[in-house]
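Scroll down for the structure; my scribbles are underneath it.
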Amino acid sequence: MKRSAKRLMISAAAFALLAIPASQVIAWGASGHRVIGVVAMQSLPDTLPAFLLTPGAASDVGEYSREPDRWKGGGQPHDRERDTAHFIDMDDEGRVMDERGMKLDALPRLKSEYDAALTRAGLDVDKAGYLPYAIIDAWQNLERDFAYWRVLNAAEARETDLAKREWYRADRLRREQLILRDIGVLSHYLGDASQPHHTTIHFNGWAGKTNPEGFTTSRRTHGTFEGAYASRALNPVTVKSSMSPLNVEGFDVKARTVSLLNTTLGTVVPFYRLEKDGAFRDADPRGAQYLNERLSAGAEQVRDFTVAAWNVSATASVGWPAVKVAEVEAGSVDPWTSMVGED
């Protein structure tokens with residue numbers, strides 16, 4: 001099958017997903033991440049590069065959004081290092097693990113410093129998780145992608161040497177694939193950050209020393225919600241229509257990440273109250289509304305983080321020797337050596 005035909009088939013499949021009834025969508029683990037990625041890409045403004053605004057790009061990001069789950073099973077240290085990127089377990093006061101842990105506003109700059117602080121406090125780093133650092137790292141990687149793309153795109157447009165121009169074109173196309181993949185990885189972690197069970201010590205039923213409202217302690221709670229229940233209740237049209245407007249004014253990646261995680265933590269008790277009240281049974285609109293609002297929260301963050309990365313990339317420097325993106329785009333600097341390499 002020709003590549004173009006295959007791409008059309010994949011694209012059609014992704015957009016068919018947004019039109020089919022919720023009862024036919026598979027488990028949230030795959031379909032939820034996929035829909036977050038597709039809807040986010042469909043919602044990008046036209047100020048971003050045209051290659052991001054195509055049906056094929058939305059389809060690709062939808063599939064790449066599943067990638068961090070598909071990494072699993074590689075062995076150690078691969079699995080332990082990556083598996084703990086999917087969550088951060090906070091107590092009801094917003095502290096990592098318990099009263100010994102810090103609140104997210106006090107997160108150290110580096111993950112190594114975070115690990116050391118938890119260890120000094122007597123907490124298990126592997127049980128705490130490090131989702132905020134996974135999100136920030138993925139966003140910074142995407143900003144690098146965009147900065148290189150800007151340079152390559154500008155240089156290709158101006159280059160008169162045919163051999164150099166062809167190299168710029170080929171490297172731009174490589175970068176475009178990296179960008180789609182890296183948006184997908186960012187989408188996965190932002191999707192995790194919008195799922196309540198990925199932010200709390202109550203990730204498998206209510207945990208902790210007290211349970212004053214008598215919430216379920218079933219260890220199947222998490223899996224049932226994002227699996228069997230979500231397969232019936234997920235509605236991509238609702239996910240898209242529930243998104244808030246674009247919000248990148250004064251974007252700070254750490255502050256936005258902390259805000260998202262704390263907001264999601266605030267939905268944990270409402271989840272357990274709904275569960276106790278039977279809202280996650282068939283035909284109860286309260287449970288479906290909760291589920292789709294959480295997915296919508298993930299999609300709108302993927303859109304915002306992507307736009308913010310594009311905006312910040314305009315003021316970046318890339319390559320070695322480093323060149324300023326703005327100077328290359330203005331035509332005042334030749335980036336050839338910085339892109340190809342001095343050696």
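The values are calculated or read from the model by the stated rules, or taken from the named source; none is laboratory data. Just so we're clear, the structure is a prediction, and the values are computed from it rather than from any experiment. We place every Cβ from the backbone using ideal geometry, glycine too, and count neighbours over all the protein chains shown. Each accessible area value is taken on the protein alone, full model and side chains, heavy atoms only, with ligands, DNA and RNA left out. Shrake-Rupley method; radii C 1.70, N 1.55, O 1.52, S 1.80 Å.
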Cut-off under 5 Å, modelled amide H: who pairs with GLY205 long-range: THR221, HIS222
The stretch 253-279 versus the stretch 63-122: alpha-carbon centroid distance in Å: 18 Å
Qualifying aspartates and glutamates (Cα of each under 17 Å from Cα of LYS127; at least 8 residues distant if same chain): ASP79, GLU81, ASP83, ASP89, ASP91, ASP92, ASP98, GLU99, GLU113, ASP115, ASP192
Max mean-square fluctuation residue, GNM over the chain, Cα-Cα springs under 10 Å, options THR238, THR119, THR221: THR119
Helix 28-42 axis, angle to the chain major axis (alpha carbon atoms, nearest 10°): 40 degrees
HN-Hα J in Hz across the stretch 326-343 - Karplus 6.51, -1.76, 1.60, θ = phi - 60°, x for Gly and Pro: 4, 6, 5, 5, 7, x, 9, 9, 8, x, 3, 4, 5, 7, 7, x, 6, 6
Nitroxide proxy distance, nm - points 7 Å out along Cα→Cβ at HIS78 and SER332: 4.7 nm
Highest-MSF residue in the chain out of PHE271, PHE51, PHE280 [GNM, Cα springs under 10 Å]: PHE51
0 to 90° range, to nearest 10: angle between helix 3-17 axis and the chain longest Cα axis: 30 degrees
Residues whose placed amide H lies under 5 Å from that of MET90, excluding near-sequence neighbours: MET97, THR200, ILE201
Integer Hz, Karplus 6.51/-1.76/1.60 couplings in order for the stretch 291-302, x for Gly and Pro: 4, 6, 5, 5, 5, 5, 4, x, 5, 5, 6, 4
Listed residues ALA170, ALA299, ALA128, most fluctuating in the chain (Gaussian network, C-alpha, under 10 Å): ALA170
Cross-link pairs beyond the 24 Å C-alpha cut-off, checked among LYS103/LYS276; LYS72/LYS276; LYS103/LYS254; LYS103/LYS209: LYS103/LYS276; LYS72/LYS276
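Answer rounded, prolate or oblate for the stretch 109-241, using the Cα gyration tensor with square roots of eigenvalues a ≥ b ≥ c: rounded when a/c is under 1.5, else prolate when a/b is larger than b/c, else oblate. Display every interim value, and only then the final one.
Numbers: a/c = 4.69, a/b = 1.93, b/c = 2.43.
In terms of gyration-tensor shape, oblate.
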Accessible surface, per residue, of the chain when the full set of protein chains is kept, probe 1.4 Å, Å²: 47 Å²
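Accessible area of the chain with a 1.4 Å probe: how many percent of it is carbon plus sulfur? Mind showing how you got there, number by number?
Details: 8350 of 16060 Å².
Carbon with sulfur: 52 percent of the solvent-accessible area.
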Between 0 and 90°, nearest 10: helix 253-265 axis offset from the chain longest Cα axis: 20 degrees
Within the stretch 247-298, GluC sites (Glu not before Pro) in DSSP loop having at most 11 other beta-carbon neighbours inside 10 Å: GLU249
Label-point gap, in nm, between GLN177 and SER241 - each point 7 angstrom along Cα→Cβ: 3.9 nm
